[in-house]
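Q: Below is the structure I would like to discuss, written out as structure tokens.
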Ligand code: LLP
């Protein structure tokens, strides 16, 4: 029966006099009319607030926005304007950040399997630092530097053997992982020794990332303890604890704020005698609840004694998280934000498979009909960035709203875009 918990909505969300939702001073129904659906609506003030919170908590230049969570040139520029560095994890993310005008020195370059071409690009552009993930990567960097490219600043990615409480696909700190150098079996120390001795790199620190959507502050405290035990004797200038802070997606979930997360990490660093600059790479916690996705309801199918299916005009192509990780979401009608939600239905998309589910058992208001706008909150992270063209659906536009103004920062794809890479006629 519970109405949507309003805490899941972006900072500037308000219920206007007729019970409808506005964000950034813009009515959602008017945005849908103007830009069509499906539509990602981001609250620009919310994005800036979270960036500022991270910068205030960790210090200017010490918080890198993890662009994989949501990236377009407007977002890259926004995060940089607010004092964040940017974490990029592929040539494409690097290219986007540079095109946005972010200086290479503000970038951290990641990846467990960086290609020679990607490494060449990162070295040529002189990114702020590279997070080195493997022995092969050290070989590749040494060859590139021997060939005349500038010597990079590097951190060693360490797998601390700490298991974060999250979905197994997004846990990365455990020994059984494709990422980084294992601490427990001595690989980490061997890698650090080699990087220290190598004339091709300047080893400036160690890095770890235990996983994503982690709610437990204790997991982060444990990771600092383990990493500090390794890093303090090395006495390197940088200590990067990755991202991973979780956010509430559904009623009843609670997560630490960025400030609380910072307190846990920084207190643990102090207790362990870490004297290095402490850096982080938050993605989800900066952008997730800054956005909602707005859909239009197409069909409503009641199967007596079984269930009701409510189909919208998007689906697993704009939000694959429910299918990939079993992630939960809430849904509401932007025309009746605070309405009780006594009805239950499976919220599905328009793709040609039964797995195309957005919410397995959604609480919805009575009286929902075809043609209604329906929205899912907390879709700002790993939605647009993991969107696909499955069934040749065109990816939705992204609109930033602020102070009564909406600006489209990513346009909707066209059918012509779908054929952009087809070369056979
Ligand atoms: N740093 C590193 C090295 C990472 O691998 C990641 C995320 C982050 C920072 C940012 O983590 P965040 O603060 O966003 O949790 N697609 C999945 C999430 C994958 C995260 C991958 N790495 C999802 O939708 O839940």
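The values are calculated or read from the model by the stated rules, or taken from the named source; none is laboratory data. Just so it is clear, the model here is predicted, and its values are computed rather than measured. Counting neighbours? That spans all protein chains shown, and the Cβs are built from the backbone with ideal geometry, glycine included.
Q: Check 399, 410 and return the single one that is at pLDDT 95 or above, within 23 Å of residue 332 (Cβ to Cβ) and either under 25 Å from the mean Cα position of the chain (by Cα) or more than 16 Å from the ligand (Cβ to nearest atom) (or both).
A: The conditions single out 399.
Q: Would you mind stating whether residue 65 is under 22 Å from the mean Cα position of the chain (by Cα), surrounded by fewer than 24 Cβ atoms within 10 Å (Cβ to Cβ), farther than 19 Å from residue 249 by Cβ and modelled with pLDDT of 95 or more? Don't jump to the end; show me each part of the working.
A: Values: under 22 Å from the mean Cα position of the chain (by Cα): yes; surrounded by fewer than 24 Cβ atoms within 10 Å (Cβ to Cβ): no; farther than 19 Å from residue 249 by Cβ: yes; modelled with pLDDT of 95 or more: yes.
Criteria not met by residue 65.
Q: Here are the criteria: (1) in contact (Cβ under 8 Å) with a residue 40 or more places away in the chain; (2) within 22 Å of residue 237 (Cα to Cα). Tell me which single one residue 122 does not satisfy.
A: Looking at each condition in turn, residue 122 falls short on (1).
Q: Find the strands (runs of 3 or more DSSP E) located wholly in segment 242-336 whose residues include 2 or more that are over 24 Å from residue 75 (Cβ atoms) and more than 16 Å from the ligand (Cβ to nearest atom), and list them.
A: 291-303, 307-312
Q: Also, quick follow-up: Answer yes or no as to whether residue 238 is more than 25 Å from residue 55 (Cβ to Cβ), assigned by TED's automatic domain parsing to the domain that holds residue 129, within 16 Å of the ligand (Cβ to nearest atom) and modelled with pLDDT of 95 or more.
A: So residue 238 does not fit the description; no.
Q: Within segment 218-235, which residues are touching a helix residue (DSSP H, G or I) at 6+ places or on another chain (Cβ under 7 Å) and either away from the ligand (no atom under 14 Å from the Cβ) or assigned to a loop (DSSP other than H, G, I, E, B) (or both)?
A: 221, 224, 225, 228, 230, 234
Q: Still on this model: As an exercise: evaluate residue 215 against (1) crowded, with 21+ Cβ neighbours inside 10 Å; (2) within 12 Å of the ligand (Cβ to nearest atom) and give the number of the one condition it does not meet.
A: Among (1) crowded, with 21+ Cβ neighbours inside 10 Å; (2) within 12 Å of the ligand (Cβ to nearest atom), the lone unmet condition for residue 215 is (1).
Q: Could you count how many residues in segment 101-117 are under 17 Å from residue 178 (Cβ atoms) and buried (at least 18 other Cβ atoms within 10 Å of the Cβ)?
A: 3
Q: If you go through segment 119-132 one residue at a time, do you hit one that is at pLDDT 95 or above, within 24 Å of residue 264 (Cα to Cα), in the same structural domain as residue 234 (by TED's automatic domain parsing) and buried (at least 21 other Cβ atoms within 10 Å of the Cβ)?
A: Taking every residue of segment 119-132 in turn, at least one turns out to be at pLDDT 95 or above, within 24 Å of residue 264 (Cα to Cα), in the same structural domain as residue 234 (by TED's automatic domain parsing) and buried (at least 21 other Cβ atoms within 10 Å of the Cβ).
Q: Please name all residue pairs, on different chains or six or more residues apart, with Cβ atoms under 9 Å, provided the first residue is in segment 283-297 and is within 15 Å of residue 375 (Cβ to Cβ) and touching a residue at least 24 places away in the same chain (Cβ under 8 Å) and the second residue is within 8 Å of the ligand (Cβ to nearest atom) and part of a helix (DSSP H, G or I).
A: That search, which allows pairs on different chains as well, returns 288/69.
Q: Which residues, counting only those in segment 342-365, are touching a strand residue (DSSP E or B) at 6+ places or on another chain (Cβ under 7 Å), surrounded by fewer than 21 Cβ atoms within 10 Å (Cβ to Cβ) and in a loop (DSSP other than H, G, I, E, B)?
A: 350, 356
Q: Let me ask another. Please find, within segment 157-208, the residue that is farthest from residue 140 (Cα to Cα) out of those that are within 13 Å of the ligand (Cβ to nearest atom) and assigned to a helix (DSSP H, G or I).
A: Checked segment 157-208; the qualifying residue farthest from residue 140 (Cα to Cα) is 168.
Q: Moving on. Is at least one residue of segment 203-211 over 29 Å from residue 149 (Cβ atoms) and either modelled with pLDDT of 95 or more or within 18 Å of the chain's Cα centre (by Cα) (or both)?
A: We begin by selecting, within segment 203-211, every residue over 29 Å from residue 149 (Cβ atoms); these are 210-211.
When the remaining residues are screened for being either modelled with pLDDT of 95 or more or within 18 Å of the chain's Cα centre (by Cα) (or both), the result is 210-211.
Yes, there is a match, as at least one residue in segment 203-211 is over 29 Å from residue 149 (Cβ atoms) and either modelled with pLDDT of 95 or more or within 18 Å of the chain's Cα centre (by Cα) (or both).
Q: Would you confirm, using the coordinates I've provided, whether residue 34 is over 20 Å from the mean Cα position of the chain (by Cα), in a helix (DSSP H, G or I) and surrounded by fewer than 19 Cβ atoms within 10 Å (Cβ to Cβ)?
A: yes
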